[in-house]
Amino acid sequence: MEPNNNNNNNVVEEFTDQKSPETPSLIKYISSNQVSGFDNTTYKPSRLSNVQYPQQEQLNYLQSKEIEIPIVEIPSPELEPNQTHKRIHSVSISMPPSPIQAHVNSTKKVLFDEVTDSNGAAKSASCELPKPAKFHSQPMDIKTAPMLPVNPSARTIDRRFDSFKTWSGKLERQITNLRGKPQRESQPDDVVLKSSEIDNLPVDRYFDALEGPELETLRASEEILLPDDKRWPFLLRFPISSFGICLGVTSQAILWKTLASSSSTKFLHISLMINLILWCISVSLVILVFFFYSLKCLLYFEAVRREYYHPIRVNFFFAPWISLLFLAIGVPPSLTKYLHPALWYILMTPFFCLELKIYGQWMSGGQRRLSKVANPSNHLSVVGNFVGALLGASMGLVEGPIFFFAIGMAHYMVLFVTLYQRLPTNETLPKELHPVFFLFVAAPSVASMAWAKLQGSFDYGSRIAYFIALFLYFSLAVRVNFFRGFKFSLAWWAYTFPMTGAAIATIKYSNEVTNVVTQSLAVILSLASTLTVSALLVSTILHAFVFRDLFPNDLAIAISDRKPKHKKWFPLIKNLSSDYSKDIDNFLKFTDSEAKDLEASENVQRSDGEQP
């Protein structure tokens with residue numbers, strides 16, 4: 001018992017001698033500088049490093065911290081009850097003296113000072129820190145510098161197209177939230193268009209904001225809703241007029257089926273396998289175009305709606321259904337020789353609905369009256385009636401095909417006269433749209449075949465319609481300069497469908513009047529049609545996938561509903577309507593042309609040597 005008492009007395013004396021604050025006797029203050037082997041290091045800067053470090057006073061403050069742990073008394077079973085085993089723990093966590101030793105933070109040093117074993121012998125444990133690492137900065141070439149990974153959440157989304165999206169980006173955000181991805185940054189609110197700017201546009205805005213016979217060119221004073229400094233998404237640039245490609249290819253399937261099955265062209269020995277191949281290609285093309293435009297309807301319904309309200313483009317909404325009618329007429333005999341009449345009613349229902357709207361606007365007047373919107377593309381709304389009558393008659397139907405044939409004939413005569421007597425105030429078609437003049441040939445060609453199918457023979461009524469189409473064909477074909485010198489576009493496909501219709505009508509006529517002239521004419525027109533379609537198909541593929549200029553930005557669907565502000569120094573023209581100004585310009589043009597004609601006649605009179 002005496003040695004233990006002596007040890008306790010020594011500890012109390014040492015504690016009393018030190019100048020420390022008054023604390024309970026169970027806690028002992030230990031200075032890190034007085035303990036041997038304690039984790040206490042002083043940083044020595046490297047000679048090769050030029051890094052400046054903080055003051056030494058701050059380093060001493062950050063070098064170490066002490067955590068005091070009270071003495072834990074653990075009773076020993078071998079000793080007497082009054083005797084306890086005293087263990088003093090000192091824990092130290094090393095702090096980095098400089099940013100260079102940041103790697104030291106990952107290691108923690110724990111020391112146990114004056115650890116006594118069961119025999120009372122004290123042991124000391126120490127841990128030495130590794131030497132500080134030396135870093136030498138080296139210049140790095142920009143070309144060889146590693147690229148930092150780009151955080152996809154930091155990318156911004158161009159919200160300027162949201163006004164034409166069906167859900168305005170809401171569906172995209174919902175899908176992103178369901179996938180657990182963070183929201184990406186969006187552009188400022190002033191870039192996102194207001195809902196008032198995407199309301200239904202009145203027809204007056206199309207005439208005021210656009211110019212040209214097809215209303216495709218934006219006026220200089222107008223602004224568009226979509227950005228004009230970048231390329232738009234493909235679906236926004238995919239117009240409804242793309243179905244003109246389907247009309248040209250599907251009509252070829254009908255042509256080669258007629259060549260292979262007609263009695264007047266048996267000398268050519270054409271196999272029906274060509275019809276099968278062309279029909280399969282036509283089906284694939286129609287499905288592809290339908291797929292892309294269906295996506296446009298699903299994702300950019302506002303753009304489709306603007307095309308539908310466009311006074312000229314609304315005629316191209318007949319093209320998809322005409323293509324389906326062509327596929328039904330040109331189906332290979334090896335697949336089926338009989339089509340159910342229900343198919344005809346299904347395909348003609350969209351025609352009837354569209355005709356109620358368009359023909360009613362022609363008759364009711366207003367800005368959409370026929371004299372205002374008359375254009376060769378209006379033939380598409382008439383041709384569908386004759387194609388439907390032809391398909392229905394081939395199925396054995398009578399009343400329905402005659403109904404649509406009568407509607408088509410009535411409106412074709414009105415349209416034909418309106419387009420022929422174009423007023424001086426109407427604009428002439430530019431060179432790029434000259435191919436649409438061939439649409440004059442399409443309606444009478446198909447009408448002659450439809451009437452022949454209804455009557456059972458190529459009688460006088462069919463021949464009258466056929467001769468009208470043949471004359472219009474020749475009158476356009478001899479004008480070579482009228483159809484060259486302009487850039488390729490989708491309007492070129494207007495060549496194909498009318499040329500093919502005229503060739504098929506010629507084959508039908510040669511079956512009734514068989515001679516060398518009719519047979520030669522049928523072969524020539526068929527060859528010209530096939531070569532034209534092949535050349536246009538190759539050109540379309542090149543411009544779509546190689547030159548990538550087949551589908552430019554469609555400015556006609558991006559016009560704003562707000563009229564442009566006129567300048568103060570423009571007070572007179574502001575009060576004049578666009579129609580009145582066009583009348584003045586056209587009047588001046590015609591007066592100039594008449595003056596030139598009078599001058600030319602005077603020059604002829606003076607050629608005899610008479611002087612004025």
Scope region 350-381; condition among the hydrophobic types (A, V, I, L, M, F, W, C) and surrounded by fewer than 19 Cβ atoms within 10 Å (Cβ to Cβ); matching residues: F352, C353, L354, L356, M363
Residue in region 286-300 that is over 16 Å from the mean Cα position of the chain (by Cα) and of a type in the set (S, T, N, Q) present: no
Residues of region 382-409 classified as open to solvent by 50 Å² or more (accessible area, probe 1.4 Å) and part of a helix (DSSP H, G or I), total: 6
Matching residues in region 234-278 - criterion: being open to solvent by less than 10 Å² (accessible area, probe 1.4 Å) and touching an Asp or Glu at 6+ places or on another chain (Cβ under 6 Å): I240
Qualifying residue in region 301-309 (condition: under 24 Å from T540 (Cα atoms) and either in contact with a strand residue (DSSP E or B) (Cβ under 8 Å, 6 or more places away or on another chain) or not in a helix (DSSP H, G or I) (or both)): no
L295 vs. criteria assigned to a helix (DSSP H, G or I), open to solvent by 30 Å² or more (accessible area, probe 1.4 Å) and either among the acidic types (D, E) or within 24 Å of L525 (Cβ to Cβ) (or both): no
Subset of region 281-326 (residues that are over 18 Å from I245 (Cα atoms) and of a type in the set (F, W, Y)): Y300, F301, Y308, Y309
Pairs with Cβ under 6 Å, 6+ apart, first in region 198-210 and aromatic (F, W, Y), second at pLDDT below 80: Y206/L215
Only listed residue being surrounded by fewer than 19 Cβ atoms within 10 Å (Cβ to Cβ) and either under 30 Å from D228 (Cα atoms) or out of contact with any strand residue (DSSP E or B) (no Cβ under 7 Å at 6 or more places or on another chain) (or both), chosen from T530, T500, T518: T518
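For (1) within 37 Å of the chain's Cα centre (by Cα); (2) in contact (Cβ under 8 Å) with a residue 40 or more places away in the chain; (3) not in a helix (DSSP H, G or I), each residue gets a yes or a no:
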position	(1), (2), (3)
F488	yes, yes, yes
W492	yes, yes, no
T500	yes, yes, no
V523	no, yes, no
S529	yes, yes, no
V533	yes, yes, no
V538	yes, no, no
D549	yes, no, yes
Count of residues meeting criterion [within 18 Å of P311 (Cα to Cα), open to solvent by less than 70 Å² (accessible area, probe 1.4 Å) and not in a loop (DSSP other than H, G, I, E, B)] in region 212-233: 1
Among the residues listed as L419, L472, L439, L429, the single one being open to solvent by less than 30 Å² (accessible area, probe 1.4 Å), more than 37 Å from the chain's Cα centre (by Cα) and modelled with pLDDT under 95: L472
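The values are calculated or read from the model by the stated rules, or taken from the named source; none is laboratory data. What you are looking at is a predicted structure, and each value in this text was computed from that prediction instead of being measured. Note: ideal-geometry Cβ built from the backbone for every residue, glycine included; neighbour counts use all protein chains shown. Side chains are part of the model used for accessible areas, which takes the heavy atoms of the whole protein and leaves out ligands, DNA and RNA. Shrake-Rupley method; radii C 1.70, N 1.55, O 1.52, S 1.80 Å.
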